[in-house]
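The structure appears right after this line, and notes come after that.
The values are calculated or read from the model by the stated rules, or taken from the named source; none is laboratory data. Remember, predicted model here, so these are calculated numbers, not experimental data. Using ideal geometry, Cβ is built from the backbone for each residue, glycine included, and neighbour counts are taken over all protein chains shown.
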Amino acid sequence: MTSRQPAPPLPPPPQPAQAARALAEAALAAAGAWAQPLDPGRHNRAVSQLYSALRDVGIATRGLADWHPADAPPGTASAEFARHVTSGARWLLSAWTSLEGVLAAEGLGRLPDPDEPGAALCHAARSTIPAWRQPAGTGAERDATIRRLIIATGFLSTATLGLATWAPRRAVDLQSVGASLAEVTADLTAAVQETGSDAMPGRAVGPVRRQLGAPE
């Protein structure tokens, strides 16, 4: 009998800041695609993709609350940082559940094209779960991750606004998502301010690579 070859090892998860950057870039692309009128089937599918992305990012963000920088002195972990990030995660999950009524009324739409921006957004959001499950790094790396997540949240808000603009029905539910994402931004901004970082981003406009910093 021939022996079965062992399965190849899984690739390591991306670094936390890299995952946040990829999420922001995917959210920007989705926002651009969803700013245009979509046929009903594609619109429903986009809402389903946003639903999945919000769920995964909400789950992943809870892991960031436990990030204790490697260069911080023992006993200096900020309870306020953890509180703000945990609250931001709750708002992301609140935004996720706000879309349940839309999906129940409209359905999932047609099968996705794997190359469409919404599919890329779902992939980037799912990648944040292993990347942020046990985050490690310096305080600067932690703050860079949170700042990029703030930018990603801004692009998710823009994407949601586009879907709400062209929604055939239940636009109010999408508007509720936008309100929850504004709370996410407020909580994450407070978390970074709690760490004393003075490199807060402005509004998420302009070329995404300039917003997210130099390539890694």
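All of (1) in contact with an Asp or Glu (Cβ under 8 Å, 6 or more places away or on another chain); (2) farther than 26 Å from Ala136 by Cα hold for Ala29 with one exception: (1). For Thr61, the criteria (1) at pLDDT below 95; (2) among the polar types (S, T, N, Q); (3) crowded, with 18+ Cβ neighbours inside 10 Å hold in every case but one, which is (1). Across the stretch 46-58, the number of residues qualifying as buried (at least 23 other Cβ atoms within 10 Å of the Cβ) and touching a Lys or Arg at 6+ places or on another chain (Cβ under 7 Å) comes to 0. Looking across the stretch 101-120, just one residue is at pLDDT 85 or above and within 21 Å of Gln175 (Cβ to Cβ), and that is Gly118. Name the residue that is surrounded by the most Cβ atoms within 10 Å (Cβ to Cβ), counting only residues in the stretch 132-158 that are in a helix (DSSP H, G or I) and over 12 Å from the mean Cα position of the chain (by Cα). Among residues in the stretch 132-158 that are in a helix (DSSP H, G or I) and over 12 Å from the mean Cα position of the chain (by Cα), the one surrounded by the most Cβ atoms within 10 Å (Cβ to Cβ) is Arg142.
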